[in-house]
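To keep things clear, I will list the structure first and then write my remarks on it.
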Number of protein chains: 2
Amino acid sequence: MASADAMSPKITVELLRQLRQAMKNSKYITEPIQAYIVPSGDAHQSEYIAPCDCRREFICGFNGSAGTAIVTEQHAALWTDGRYFLQASQQMDTNWTLMKMGLKETPSQEDWLISVLPENSRVGVDPWIIAADQWKNMWKALSGAGHSLVAVQDNLIDAIWEDRPPRPSTKLIALGLKYTGLTWQDKVTALRGKMAERRISWFVVTALDEIAWLFNLRGSDIQYNPVFFAYAIIGISSIKLFVDSKRLLEPAVREHLELDSPSKPDLTVHCFPYESVYTELQAVCAALAPKEKIWICDKASCALTQVIPKAHRSAIPYTPLCLAKAVKNPTEIQGMKMAHIKDAVALCELFAWLEKEIPKGTVTEISVADKAEELRSQQKDFVGLSFPTISSVGPNGAIIHYRPLPETNRTLSLNEVYLIDSGAQYLDGTTDVTRTMHFGTPSDYEKECFTYVLKGHIAVSAAVFPSGTKGHLLDSFARASLWDAGLDYLHGTGHGVGCFLNVHEGPCGISYKTFADEPLEAGMIVSDEPGYYEDGSFGIRLENVVLVIPAKTKYNYRNRGSLTFEPLTLVPIQLKMINTELLTQKERDWVNDYHRKCRETIGAELERQGRKVALDWLIRETEPIV
Amino acid sequence: MASADAMSPKITVELLRQLRQAMKNSKYITEPIQAYIVPSGDAHQSEYIAPCDCRREFICGFNGSAGTAIVTEQHAALWTDGRYFLQASQQMDTNWTLMKMGLKETPSQEDWLISVLPENSRVGVDPWIIAADQWKNMWKALSGAGHSLVAVQDNLIDAIWEDRPPRPSTKLIALGLKYTGLTWQDKVTALRGKMAERRISWFVVTALDEIAWLFNLRGSDIQYNPVFFAYAIIGISSIKLFVDSKRLLEPAVREHLELDSPSKPDLTVHCFPYESVYTELQAVCAALAPKEKIWICDKASCALTQVIPKAHRSAIPYTPLCLAKAVKNPTEIQGMKMAHIKDAVALCELFAWLEKEIPKGTVTEISVADKAEELRSQQKDFVGLSFPTISSVGPNGAIIHYRPLPETNRTLSLNEVYLIDSGAQYLDGTTDVTRTMHFGTPSDYEKECFTYVLKGHIAVSAAVFPSGTKGHLLDSFARASLWDAGLDYLHGTGHGVGCFLNVHEGPCGISYKTFADEPLEAGMIVSDEPGYYEDGSFGIRLENVVLVIPAKTKYNYRNRGSLTFEPLTLVPIQLKMINTELLTQKERDWVNDYHRKCRETIGAELERQGRKVALDWLIRETEPIV
């Protein structure tokens, strides 16, 4: 996604001049605004966004995944976090001030605005791009200081963006029962059951992965995420889908949605243009009876949220679809298992190839990433990558969100640790796996750190915990061995993973940072990825995708039942990196059990695919340890 | 504290009639109110309260530590939690409806009020008893439904309470440097430093333990808590103390506070009657310059909070005194160590005595509690108990907040598990210790459960973690072994402990429930008390008070430093209850190390005090395990 000249600053003098004119232009606003906020999201609060939504990058040049730009008549400033300080400072010209979030001296956006604005200023923002909860906080702070926050309906960046790419409208794929396990009609019916329980009349669906999951449809509007731009409004007896109508011409899609011959009136999909969601929601609200309620996620756009009168609005942190989607059904679980087997085949092939190629001195971070994609694409039902591959050698491995670029690209050698964090989308599932390897002789210190990370990985993977436990209560298990040695890592331990959907999804995860996560349930799928990063030297991370399953325990306190994890990722953990003396017998048993499973399951598939070299590599790498 | 007839219901017909009359009496309110809320706290939001503040008990009969009564023209209802369902139902007559908090079908106080009140009702509450944050929530809910929440300045319970006990005004003790390590003048100066940092002009101190700590004074107004009724308002150059003036006649107190010859004008204590805090705070507020700010805890009373105009108010979740008090200085740490040595002497004596007495069949839960108090009272600087002793045999042990009453009192035997959770106040420190023992032969299951609890206790006690870690991140360590077997306990793992102050104090703790706790710091003191409770059979809990200390680690990631715990409690853990096969070598080493420390430290003191029988017991109970 990053362009080749990502590291030279974008010249923004003229753009800023145009934006500041737009801020005073009565074509867009009745009264001039003194500041304009450019958040980094799209109208669906997506983590990854389409090129047409990269407005913050357009105005300031910085293309990292997180950041907010604010332009006033005098100033232009960008807020981003520690991952991106260097990158942002290289990509922005001197018109911009970098606001380093997390540093004590850095003011919040609100405080900064209040400090630089003249009295009674008007601050504008596109209400489609800002989430309702963020709007509320900003509104409070500004109005407390005598300013006002103004919803500017026309996006002012779009107004000055001459060659703005069009909104993607890719071909839709209809997924059959074989992949989904549930028809979209059954999903709608289940959703309505939850709505009826809470006496909710309508539910406004704004998250793209929730819409894709609900209708068993996929698209490719956003790179790495098989979603498509749409909204849905689900009523107790009506379904409204908002999507570019051209996409519905495809016979397979028409048939899937029963557009031409609906089976039941309350399961008839009424299609509307993507843009008409606002007016349709207004119409829905106008027809509400006094006590009727509408569900909307509190992270939905301010624009749509505010259409719903407060008395009718029920804002929820996680929607019922987010929760339903997180608990995978047996078909989805089977699909995720198949996807992980195929993915492991590609990685075994890759690692066997690396062993032969690295000594030649021609393998680079980028060429491994390309090779990995090539090998994955040979697997059945491959669709694409699930996120940009992190392929990093030596010191680059210590940059947690590293992506190899031509100017940083290092050659793999026998002397440095290599970390690869990669994954793919298959029609039957999504993968995300990290392995850390050494192709020469690792140092004692590298092995020691790797082993602590492995101990943390096992502690989570083998943990048994009561049903109803939230993932954040498991986070410290992953760190205990590192902590004992005075080490740690500064990221969470795991995130939810979609099934042929987004590689990061809510509402569950394993992190010290979030306490608003939902309890883990059997059928949920999360990653388990502790790490250790030695700045300037090497990075270690060990990531499996794991499935939450019921655990058999000796006792069953208050009949609550217990849970544990089953690894879906079945790729060997490099034995050479382990200091086995640091492992307990239980941990050694876990490693041997895991490798036995890798050998059996992946070995059979490698055999079936006739991949002899990779099979030999697998067998050697899964020898039991003592 | 519980009266002997605690389990027969209080007859409340006449009281309710009187209260309902008061709710319409223009002597107290300008317009009648349709409901009156009686919370259980005092004006300082104390956990333990004085008899004169037991208003909720007075009106409904229920004397548990948590509960809120609400009386309307037609109804009377009491909300309490699962610990107290049985007790509340036994103590209240049929005029009262028990609202079981935590059950799905139980409405919240707000929802219930809205469902039973006529339109536009007025709900009254004493603004001194309700905390500002609770007032805010109740106010929002009621005004959203068209009702109003009214601050009734005269407490209506006091108005009908004929023989209400007077507010205690016990003798104050001035603590010298030998106990406190810091003069009150130095504490005030340090506090002013923090106020200056945040540009705060005044700080209103409402928590009784904060006032006691700040002025190095103690009282005995509330049982178990060495505090006294007072307020303080600390300015950048002025000190206002609000306390019953009779208490300041004592020469030692006058000298301690330098009342007759203040050394410096800004360290002069200006004394006011306890009741005049309201008018004095009004005077302070009236004299404020436009940008001046006043600190007040968001848990302070609504009455005092609302005196401060919003523009001048800075409400904080933890006050700087709460934080300063939590980090014990070297003198306090030394005092806490001494207190724990004396406490251990008393307990060794008790347990040696129990071994001889139990076979006679005359020892009961109550008699052990009395004996423990007697033995503690023989120790130097003993002041009283730090909380009501939990002394429980067999099934009573499974009731987590059990206190022996004549009608529940069981005899100790050789066949049942015995749990004692007790502690004392000494001039030099506060103790809180739980031991679980069997004086005959424990069953394999009892030993197994005990050993899991021990493993959890050790996992926390021996944990090494980075500076800045919050206590809740350690909670799962205490549970992992129980979880593995399908077991758990339904309470937190630890709470902060004061130094000759409240046995429960903020802002730190170890619990899955709180995420608003402050990070652990060297010098903080918390309890480590996992348990297991088998309903109807037995209870197990193992509690030490532990001190947070710096840990030496092999590495020091980002120079953050590491922390661990040092047990202050030095009482043997009964070896007979341990299934040593379930312990790892590290855990066996921990037990042996701990017992070696108990033998050395407590043995020396037993020897010094000439307590031969207890010494023999200690030596036998601290034999190394293999």
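All of the numbers you see were taken from the coordinates with simple rules; none came from a lab. Just so it is clear, the structure is predicted and the values come from calculations on it, not from any experiment. Please note: Cβ atoms are built from the backbone with ideal geometry, for glycine as well, and neighbour counts cover all protein chains shown.
Per-structure values
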{"read-out": "Inter-chain Cβ neighbour average for residues B:487-495, partner chain, 10 Å", "value": "2"}
{"read-out": "Shape category assigned to the stretch A:379-531 from the gyration tensor of Cα positions, a/c cut at 1.5", "value": "oblate"}
{"read-out": "Over chain A, relative contact order from alpha-carbon pairs under 8 Å, at least 6 apart, %", "value": "10 percent"}
{"read-out": "Proxy reagent accessibility, fewest Cβ within 10 Å first, across B:Ser413, B:Ser422", "value": "B:Ser413, B:Ser422"}
{"read-out": "Under 13 Å, Cβ to Cβ, from A:Asp81 - net charge with Lys/Arg +1 and Asp/Glu -1", "value": "+3"}
{"read-out": "Selection from B:Gln21, B:Leu583, B:Thr553 lying farthest towards where the dipole of chain B points positive, charges on Cβ", "value": "B:Thr553"}
{"read-out": "Considering only chain A, percent of DSSP beta bridges that pair antiparallel, nearest 5", "value": "70 percent"}
{"read-out": "Stretchable slack from A:Ile236 to A:Gln585, in nm (0.36 nm times residue separation minus alpha-carbon distance)", "value": "120.0 nm"}
{"read-out": "Cβ neighbours within 10 Å from other chains - mean over A:549-558", "value": "5"}
{"read-out": "Computed E for B:Arg560/B:Thr331 - FRET, C-beta separation, R0 22 angstrom, nearest 0.05", "value": "0.20"}
{"read-out": "Sequence ranges A:146-152, B:128-134, ranked by mean other-Cβ count within 10 angstrom, highest first", "value": "B:128-134, A:146-152"}
{"read-out": "Chain A - convex hull of the alpha-carbon atoms, volume per residue in Å³", "value": "172 Å³"}
{"read-out": "Peptide ranges A:161-169, B:218-226 listed from the most packed, as the mean C-beta count within 10 angstrom indicates", "value": "B:218-226, A:161-169"}
{"read-out": "HN-Hα J in Hz across the stretch A:536-549 - Karplus 6.51, -1.76, 1.60, θ = phi - 60°, x for Gly and Pro", "value": "x, 10, 7, x, 10, 8, 9, 10, 10, 8, 10, 9, 6, 10"}
{"read-out": "Cα centroid separation - the stretch B:440-460 against the stretch A:240-299, whole Å", "value": "59 Å"}
{"read-out": "Over 24 Å between alpha carbons, listed pairs B:Lys246/B:Lys299; A:Lys447/A:Lys552; A:Lys470/B:Lys104; A:Lys337/A:Lys612; A:Lys470/B:Lys447", "value": "B:Lys246/B:Lys299; A:Lys447/A:Lys552; A:Lys470/B:Lys447"}
{"read-out": "Counting DSSP beta bridges with both ends in the stretch A:32-119, the antiparallel % (nearest 5)", "value": "65 percent"}
{"read-out": "Sites matching GluC sites (Glu not before Pro) across the stretch A:15-95 that sit in DSSP coil, with at most 12 neighbouring C-beta atoms within 10 Å", "value": "none"}
{"read-out": "Average partner coverage of A:511-522, which counts Cβ from other chains inside 10 Å", "value": "1"}
{"read-out": "Amide H partners (placed H, <5 Å) of B:Leu563, local residues excluded", "value": "B:Phe465, B:Ser467, B:Ala551"}
{"read-out": "Kirkwood Rh in Å, taken over all unlike Cα pairs in the protein assembly as shown", "value": "34.2 Å"}
{"read-out": "Sequence-distant residues sharing a close amide H with A:His495 (under 5 Å, placed H)", "value": "A:Ile510, A:Ser527"}
{"read-out": "Residue among A:Ala604, A:Ala50, B:Tyr402 farthest towards the positive dipole end of the protein assembly as shown, charges placed on Cβ", "value": "A:Ala50"}
{"read-out": "Packing-based ranking, highest mean first, of B:445-457, B:360-372 given that Cβ atoms within 10 Å are counted", "value": "B:445-457, B:360-372"}
{"read-out": "Rounded, prolate or oblate (a/c below 1.5 giving rounded, otherwise prolate when a/b exceeds b/c) for the stretch A:12-160 by Cα gyration tensor", "value": "rounded"}
{"read-out": "Residue order, fewest to most beta carbons within 10 Å, for B:Arg254, B:Arg122", "value": "B:Arg254, B:Arg122"}
{"read-out": "Order of B:Lys576, B:Lys470, A:Lys27 - criterion: other Cβ atoms within 10 Å of each residue's Cβ, fewest first", "value": "A:Lys27, B:Lys576, B:Lys470"}
{"read-out": "Teacher prompt: B:Lys140 distances to equivalent labels in other copies, 7 Å Cα→Cβ, nm", "value": "0.8"}
{"read-out": "Karplus (6.51, -1.76, 1.60) ³J(HN,Hα), θ = phi - 60°, over the stretch A:237-253, in Hz, Gly and Pro reported as x", "value": "9, 8, 10, 10, 10, 10, 7, 3, 5, 4, 5, 9, 7, 3, x, 4, 6"}
